[in-house]
Amino acid sequence: MPIRIAGASDATALATVHVRSWQAAYRGLVPAAYLDGLDVAERAAVWRDRLSSADAPTVLVATSEAGTVRAFASFRAWPGGELDPAVTAELSALYAAPEVWGRGVGRALLGATVAAMGAAGFREAALWVLEGNGRARAFYEAAGWLPDGMSAVEETGGLPLRELRYTCGPFS
């Protein structure tokens, strides 16, 4: 599966994967009304702005041979706090279309993303994952990411949700 850097022209494809992935992965964790209300056009506008900004994150996409975006991952310097943003990247998103789950697409994309983090000068990375998202947690743990004991509560759709921080590194 080809993997490349995303551009602003990929905004709608990113939004489509983002919304479909959330609706499938978070069903039962996030209120259904919130998931059902996710809008691809609104999310595309957010991605278009994000990818066009001066401080845009690095976004990698995994595509089909025909060029259809099947998954994406986004990273940037850690946004501050107790981890050093000079050496720590934040994996801020990794989403795949539900029909490619379990087919190695996410694993390949995560590997390419960690390699890109290292090439960008980062030596370690961290991410936040919903505590109740067993599928995602197992995916990251199989790739060598581990919870570091930090947690946070974020409100999504009016529901407080506990997130766990996972870390990986140092990169070799």
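Quick note: the coordinates plus some simple rules give every number you see, no bench work behind them. Nothing here was measured: the structure is a model prediction, and the numbers come from that model. Every residue, glycine as well, gets a Cβ built from its backbone with ideal geometry; the counts of neighbours run over all protein chains shown.
Quick rundown of the values:
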item: Electrostatic dipole magnitude of region 94-172 [Cβ: Lys, Arg +1; Asp, Glu -1; Cα centre; debye, to 20]; result: 260 debye
item: Whole-Å semi-axes of the ellipsoid equivalent to the chain (Cα gyration tensor, √5λ, descending); result: 22, 21, 16
item: Computed lengthening from Asp39 to Ser92, 0.36 nm per intervening residue step minus Cα-Cα distance; result: 17.1 nm
item: Cα centroid separation, region 96-112 to region 16-45 (Å); result: 18 Å
item: Selected from Glu42, Glu131, Glu90 as most flexible by GNM, with the chain as the system and alpha-carbon contacts under 10 Å; result: Glu42
item: Among Tyr26, Tyr140, Tyr95, residue whose mean-square fluctuation peaks in a GNM of the chain (springs only between Cα atoms under 10 Å); result: Tyr26
item: Taking the chain and dividing mean pair separation by its residue count, relative contact order in percent (alpha carbons under 8 Å, at least six apart); result: 21 percent
